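The structure appears right after this line, and notes come after that.
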Amino acid sequence: MSVRRTINATLILFALLAQGALSSNESHCVPHPIGIKLQNVTLGDNTARGVSLSLGTPKQPFAFLPQWPLNNTFVYGTNGHCSDSMSEAACKTFRGGAYDESTSTTRDTALDSHMEEASPYPAFSWVTDDLILNDNTTLAKFPVGIARDDWGAQGYQPQAAFGLGRNSTILNALYSAGLIASRSWAMWWGRTGASKTTQQDGSFVFGGYDRARATGANYTDKLNYANPKCPTGMLVTISDMVLNFANGTNTSLFKGVQSSAMSACIVPDYPVLMTLPREPWFETFEMSTAKYTDERSFGLYYYGMLYENTSKAYTGDITLSLLSGFSVRIPNDQLVVPDVHIDKSSGALVANGSTPELVINALQQTNADDLPQLGRQFLSSTYLLLNQDTSSFTLWEAASQDADMDLVAVDEANRPLDQFCDVTKSNATQSVDSSNNDRSHQDNGLSAGAIAGGVVGCVVGASIIAGSAFIWMARKRKHRSGPRPDASSMHHQSSAVTYTTGPSDELNSYNPKPGFRYELPVSNQSTTSSRLPELP
């Protein structure tokens, strides 16, 4: 065989290997994110706001909210353990639903019926049943706790919940079953103002985020569990709070003093916009607005401040700025809302606009030194993505216009991807091993970064094979031709060949930089690539 024929054969092999590697990369896809409405869920004759999930067969509707440090999922049964003053209908609204296990044909006793949650959660009776996330996704035989008593959460955390703690069973189950690309989730609370024009359904996404809801620059920070009073790990620093008055003037509660910055914890299910120490910050708020109140709400936006009447309510907005550079303005129609409570007889939600509520909880007395929290109404103007696999969370300003969901998957390296795998079944039903409550995170496949590395390695390997064959055959031919000529009789040409594995940062592990802005695709940006830009 001639040298030329050998080299040609090697080059053909190289081309085939490279083409196969590239085809493998192009065919890489990820599971479609699971989008769910966060809305007023119909519970018989009444409604409760939450993430709309169903349990059992036939389906029983629930309004769930995420909780921390909770890892498991729990509901209340037909005995909702409410106060004697509440009717059965009112208790069902308060708890976000009532699970009747006797009517579900798919209900079974959990294999590990002695599972427990750490304090402060109550004791549970454990069952398994079908948890229906949406029309396309069901977790069969999913372990669910039924609360055996009230655990004293009052109106702060009264209803059915799925845990998003660091060992979340729902995230682990979805990821292990290959239904989501990473243990990530995103949330927008929606809007809950006084009129239809200031009300809007929110959304919750497992395994990605809604691009239609995220607008502007995004800010990514590392999760920080250093403070045990922040179980979500979303510890932030509020660098300024500015009152935006209706007449166009602005006043900073911090008065430009940088030392006034304070730590806060984002807790998405907390019932008000924020908690704020009465001294000095809430008192400064009152003096700046000339609007004073000491009354409290015991309704849905639990322990917010009540104004005596509409004429004494604050009419402006408030802008919250974080040390990371993120800033968001909360409009007055989400900041000052009707006092909404549950009718104890009918269970209906009743809004009292004559005593408007400022959705801020002034911390005082024994709670004066509590870590401030940013709750639901913070997520009426903010869109949040959290990825447990990268221990990071990302904030955008939330787009409030009506739009269909435009879901983007996020992988284990926090890279946004929108090339989705074909669904072979119309309903992805997955069984869950409830005996493995402490399931650890496992990689069930190569990440996109690893695939890129595999492509590079394959191409380089083929290049080395081709190069080695060429050099070996050339040396063999020279050996047959006799002694090597003296270098002085030849024209000098550089024959050095440098092999490269591609850009080094393509193979580096994820290392987010807290407090910096990164570009992620949003609703007002278009892309022609099936793989979207990476988050650093």
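Listing H341, H32 from the residue with the fewest other Cβ atoms within 10 Å to the one with the most, what is the order? Before the final figure, lay out the partial values.
Numbers: H341 18, H32 21.
Fewest-to-most Cβ neighbours within 10 Å comes out as H341, H32.
Please report the net charge: other residues with Cβ closer than 10 Å to the Cβ of T198, K and R +1, D and E -1.
Details: positive: R191, K196; negative: D333.
It works out to a net charge of +1.
Temperature 10 °C, viscosity 1.306 mPa s: under these conditions the Stokes-Einstein estimate for the stretch 310-409, based on its Kirkwood radius over C-alpha pairs, is 95 µm² per second.
Modelled spin labels at T197 and F245, positioned 7 Å past Cα toward Cβ, are 2.5 nm from each other.
Beyond 19 Å, how much of the Cα-Cα pair distribution for the stretch 255-328 remains, as a whole percent?
Details: 1184 of 2701 pairs.
The calculated P(r) of the stretch 255-328 puts 44 percent of pairs beyond 19 Å.
Here is the tail figure for the stretch 162-304: Cα pairs spaced more than 26 Å apart come to 42 percent of all pairs. Farthest towards the positive end of the charge dipole of the stretch 222-385, among the residues S297, F245, P372, is the Cα of P372, using unit charges on the Cβ of Lys, Arg, Asp and Glu.
The C-alpha radius of gyration of the stretch 41-84, expressed as a fraction of 2.2 N^0.38 Å, stands at 1.26. Across the stretch 185-238, the volume of the C-alpha convex hull divided among the residues equals 145 Å³ per residue.
With a Förster radius of 45 Å, plug the Cβ-Cβ distance of D108 and S346 into 1/(1 + (r/R0)^6) and report the FRET value to the nearest 0.05. Step by step, r from the Cβ atoms, then E = 0.85. Note on E283, E357, E412: ascending count of other Cβ atoms within 10 Å places them as E283, E412, E357, the fewest first.
Other residues within the sphere of radius under 15 Å centred on the Cβ of R376, judged by their own Cβ, net out at -2 (K and R +1, D and E -1).
Centre-to-centre separation between the Cα atoms of the stretch 392-406 and those of the stretch 251-300: 25 Å. Counted by Cβ distance under 10 Å from D317, the other residues give a net charge of 0, where Lys and Arg count +1 and Asp and Glu count -1.
If I model the stretch 222-385 as equal point scatterers sitting on the Cα atoms and use the Debye formula, what is log10 I(q)/I(0) at q = 0.15 Å⁻¹? So the normalised log intensities work out to -0.82. Could you tell me the center-to-center distance, by alpha carbons, between the stretch 125-159 and the stretch 301-359 in angstrom? For the stretch 125-159 versus the stretch 301-359, the Cα centre distance is 29 Å. Centre-to-centre separation between the Cα atoms of the stretch 55-80 and those of the stretch 194-214: 21 Å.
Taking every DSSP beta bridge that has both ends in the stretch 222-385, the antiparallel portion is near 80%.
With only alpha-carbon atoms in the gyration tensor, what are the semi-axes of the equivalent ellipsoid for the stretch 62-156, in Å, largest first? Could you put the intermediate results ahead of the total?
Working: eigenvalues 89, 54, 37 Å².
Ellipsoid semi-axes (Å, largest first): 21, 16, 14.
Shown in residue order for the stretch 129-141 are the 3J(HN,Hα) couplings computed by the Karplus curve 6.51 cos²θ - 1.76 cosθ + 1.60 at θ = phi - 60°: 7, 6, 9, 9, 7, 7, 4, 9, 9, 10, 9, 7, 6 Hz (x for Gly and Pro). Annotation for F298 and K222: the two label points, set 7 Å from Cα along the Cα-Cβ direction, are 4.5 nm apart. Sorting L395, L322 by the number of Cβ atoms found within 10 Å of their own Cβ, with the fewest placed first, yields L322, L395.
Laboratory data are not the source of any read-out in this text; all were calculated from the coordinates shown. Source: prediction; values computed, not measured. Note that we place each Cβ from the backbone using ideal geometry, even for glycine, and neighbour counts take in every protein chain shown.
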